[in-house]
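Here the structure comes first, spelled out in structure tokens, and everything after it is commentary.
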Amino acid sequence: MKITGKIMKFGDNVDTDVILPGKYLVLTDPNELAKHALEGLDPAFTEKAKKGVILVGGKNFGCGSSREQAPLALKHAGVKCVLADSFARIFFRNAINIGLPVIEHEGISAKLEDKDELMIDFKTGMIQNLSKDKSFQVPKLPTFILEILEDGGLIENLRRRRDKK
Amino acid sequence: MNITEKILAKASGKVTVHPGEIVDAKVNVAMVHDLTGPLAIEAFKRIGTEKVWANKRIIIILDHQIPAESVKAAELHKKMRKFAKDQQLRIYDVGKGGICHQVMPEKGHVIPGTVVVGADSHTCTYGAFGAFATGIGSTEAAAVFATGRIWLKVPQVIKIVVKGQFGKYVTPKDLILSIIGKFGAGGAIYKSIEFAGPAIRDMSIAGRMTLCNMTVEMGAKNGIVEPDKITLNFLKGRITNDLVPFEALKSDKDTSYAEVVNIDVTDLTPQIAYPSSVDNVKPASEMHDVHIEQAFIGSCTNGRIEDLRLAAQIMRGKKVKDGVRTLVIPASQEVFLQALREGLIEVFTKAGALVCGSTCGPCLGGHIGLLAPGETCVSTSNRNFIGRMGSKEAHVYLASPATVAASAISGSITDPRDLEGGNA
């Protein structure tokens, strides 16, 4: 499982209210949710993310609410993966459960710059910075999490495992 | 082992567990509300399992957008009622419950020593009853609906030992704000916070709930208090089902913790979290001339009867300052009724505050009292992020019910101890 994309970089404590404000939680269509992704920090985010981006955050990315609509809005806005020094735990689980890859690695934010183009191999944990011609290794995701991501989310994973039985 | 480890060991059928270990735990009760439930229902249907794992262990509570504030919300509520009916689940509808984190323990769905998950980040509130309780997302809730199990990483535990006596108008909210200020918004990510010490043993269930409720604001997985007589007194007559026998687990005396923090509350003063981060905390006494347009007393953090009594004590016989709108929202129907019996609703109404039916409403900027650009609100709720209570150009300050009540009267954010001093 590999992805490539350009970085959009944010700071520490990017919370779920700026990722997706509470007033939009009554929306159920992911594409409608996506229109409001990260509008609290960058009103033009959706336009910029359209072609596919990799988000880089600092510490405690996704803190706040348990709203799964937050990673869902990011995914449907064009976010291919989120890298951060650390994540709020509910956001981390939610992202994996809806099939949005997340990589947590202390110090990763300082290594990367806005607009850098990356290629990420989730199986090996190898991250190539194509803009800087550099690469580095992050710890691999546990196998069961990688399987959930490969299946496209927890529901698909449950279905596949059940059908295999 | 500490109490969190004991609960997780028991739920996963193990003799011992260690921090960092991933366990497959049996869930005792799972909860979803009207903003996380619809997605969970959709996901559950996609799994293709016909019936939920145990219909008595899944609770549905309508609280965020009630009564339906839009046709969209009404549709979501309708969908949840149908699911509850089809699956024969317990549902707390409009007028029958209130805010999920108040209703769950009030109605006996939180049992000490068990694992409770809820599709809401403040599910950690139930740690006040000695349960392991943590927030999950909708898809994960759907998986729990189908399987009754969840994988959890055993957290490292930070023990916070609290001693001393709270001063007048200093509350557990001030304590947790000061703790979050010290730890930082990400200071306890993935960790558990265990509250202990004489000041916790003396504390009401309401205060313990406020502490555990806000542990998520420093990233914690759960907050927990060992159950005791106060816990038992609250739960007596409320736990009517026999899903699991009550078990008052305690941490072993010789167990070790990732960190132990000692706090004396004797010199603690009223605290305020400034915009736009919950860890941006300073003493209320340092506040000068921050005028407010709105004051909000309510939410799963501070909408309990003890909170309303405290606010009413300050507002009794006084008037909300012109130019300020004050909202008072009891955390549940039970709290509303008690406030009515004690005459608190009359106190608030005479003071010029608007008392609304139980809902999460303004706390998350869902409905009832959203803020316009440039407006300032002081609130007893739990988050002050950009755009949390309406416009992203509005400012939200977090404080205790005493501080918010005093501020509603004076028109600017006020240390409640000063209001008593005579300027009102």
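Laboratory data are not the source of any read-out in this text; all were calculated from the coordinates shown. Because the structure is predicted, anything quoted here is derived from the model rather than measured. So basically every Cβ, Gly included, is an ideal-geometry build from the backbone, and we count neighbours across all protein chains shown.
For the stretch B:273-423, just say rounded, prolate or oblate: build the C-alpha gyration tensor, square-root its eigenvalues into a ≥ b ≥ c, call rounded for a/c under 1.5, and beyond that prolate if a/b exceeds b/c, oblate if not. Judged from the Cα gyration tensor, the stretch B:273-423 comes out oblate (a/c at least 1.5, b/c at or above a/b). Neighbour counting of Cβ atoms within 10 Å sorts the residues B:Arg46, B:Arg238, fewest neighbours leading, into B:Arg238, B:Arg46. Sorting A:Asp116, A:Asp121 from the fewest to the most surrounding beta carbons within 10 angstrom yields A:Asp121, A:Asp116. A run of chain A free of exposed loop cleavage sites, with GluC sites (Glu not before Pro) counted only in DSSP states other than H, G, I, E and B and at most 14 other beta carbons within 10 Å, reaches its longest extent at A:1-105.
Rg and Dmax over the alpha-carbon atoms of the protein assembly as shown stand at 22.9, 74 Å.
Taking amide H as placed 1.01 Å from N in the peptide plane, B:Tyr92 has its amide H under 5 Å from the amide H of B:Ile60, B:Ile61, B:Leu62, each at least 5 places away in sequence or on another chain.
Modelled spin-label separation between A:Glu32 and B:Lys96, with each label point placed 7 Å from Cα along the Cα-to-Cβ direction: 2.6 nm. For chain A, the relative contact order is 23 percent, taking Cα pairs closer than 8 Å that sit 6 or more residues apart in sequence and dividing their mean separation by the residue count. When the listed pairs A:Lys111/A:Lys134; A:Lys2/A:Lys75; A:Lys6/A:Lys132; A:Lys9/A:Lys111; B:Lys10/B:Lys56; A:Lys9/A:Lys80 are checked against a 18 Å cut-off, the alpha-carbon distance exceeds it for B:Lys10/B:Lys56. If R0 is 25 Å, the Cβ-Cβ spacing of A:Lys115 and B:Glu393 corresponds to a FRET efficiency of close to 0.35. Rounded to the nearest whole Hz, the Karplus-based 3J(HN,Hα) values (6.51 cos²θ - 1.76 cosθ + 1.60, θ = phi - 60°) of the stretch B:276-290 follow the sequence 10, 8, 5, 8, 8, 9, 9, x, 4, 5, 8, 7, 9, 6, 9, with x at glycine and proline.
State the percent of C-alpha pairs, over all pairs in the stretch B:328-406, separated by a distance greater than 18 angstrom.
On the way: 1352 of 3081 pairs.
The proportion of pairs with Cα distances above 18 Å equals 44 percent.
For peptide A:81-90, the mean count of partner chain Cβ atoms within 10 Å of a residue's Cβ comes to 4. Projecting the Cα atoms of B:His367, B:Ser70, B:Pro19 onto the charge dipole of chain B, computed from C-beta unit charges around the Cα centre, puts B:Ser70 farthest toward the positive end.
Once C-alpha pairs closer than 8 Å and six or more residues apart are averaged by separation and normalised to the residue number of chain B, the relative contact order reads 17 percent. With a Förster radius of 56 Å applied to the beta-carbon distance between A:Lys164 and B:Lys319, the computed FRET efficiency rounds to 0.25.
By the rule of a C-alpha distance below 19 Å, with chain neighbours fewer than 8 residues away ignored, the aspartates and glutamates paired with B:Lys282 are B:Asp174, B:Glu217, B:Asp264, B:Asp267, B:Asp415, B:Asp418. Taking a ≥ b ≥ c as the square roots of the eigenvalues of the Cα gyration tensor, chain A is classed as oblate, since a/c reaches at least 1.5 and a/b does not exceed b/c. Entry note, chain B: the mean residue ellipticity at 222 nm calculated from DSSP H runs of n ≥ 4, each adding -39500 (n - 2.57), is -8500 deg cm²/dmol after division by the residues and rounding to the nearest 500.
Full extension of the chain segment joining B:His18 with B:Lys85 gains 20.1 nm, where the gain is 0.36 nm per residue of separation less the Cα-Cα distance. Partners of B:Lys6 within straight-line reach, counting aspartates and glutamates whose Cα lies under 12 Å from its Cα and excluding those fewer than 8 residues away in the same chain: B:Glu226, B:Glu247, B:Asp252. When A:Phe144, A:Phe45, A:Phe61 are arranged by Cβ crowding within 10 Å, least crowded first, meaning fewest neighbours, the order is A:Phe144, A:Phe45, A:Phe61. Over all directions, the projected convex hull of the C-alpha atoms in chain B averages 19.0 nm² in area. When the Gaussian network model of chain A links Cα atoms closer than 10 Å, the mean-square fluctuations of A:Lys132, A:Lys59, A:Lys80 top out at A:Lys132. Taking the helices alone, chain A has a mean residue ellipticity at 222 nm of -8500 deg cm²/dmol, built from -39,500 (n - 2.57) per DSSP H run of at least 4 residues and averaged over all its residues. As a calculated quantity, the FRET efficiency between B:Ser70 and B:Lys45 at R0 = 30 Å, using C-beta atoms, amounts to about 0.80. Each label point was placed 7 Å from the Cα along the Cα-to-Cβ direction; for B:Lys236 and B:Val290 their separation is 4.2 nm. Pairs over the 29 Å Cα-Cα cut-off, from the set B:Lys182/B:Lys350; B:Lys51/B:Lys72; A:Lys23/A:Lys59: B:Lys182/B:Lys350.
Placing a label point 7 Å from the Cα of B:Leu354 along the Cα-to-Cβ direction, the residues of the stretch B:61-80 with a backbone N closer than 18 Å are B:64-70.
Length available on full extension from B:Asp202 to B:Asp267: 0.36 nm per residue minus the Cα-Cα distance, which gives 21.7 nm.
Approximating the spin labels as points 7 Å out from Cα along Cα→Cβ, the A:Met1-to-A:Met126 distance works out to 1.8 nm. When only the Cβ of Lys, Arg, Asp and Glu is charged (+1, +1, -1, -1), the dipole of the protein assembly as shown relative to its Cα centre reaches about 1600 debye. The amide H of A:Ser135, built 1.01 Å from its N in the peptide plane, has A:Asn129 as neighbours under 5 Å, considering only residues 5 or more places off or on other chains.
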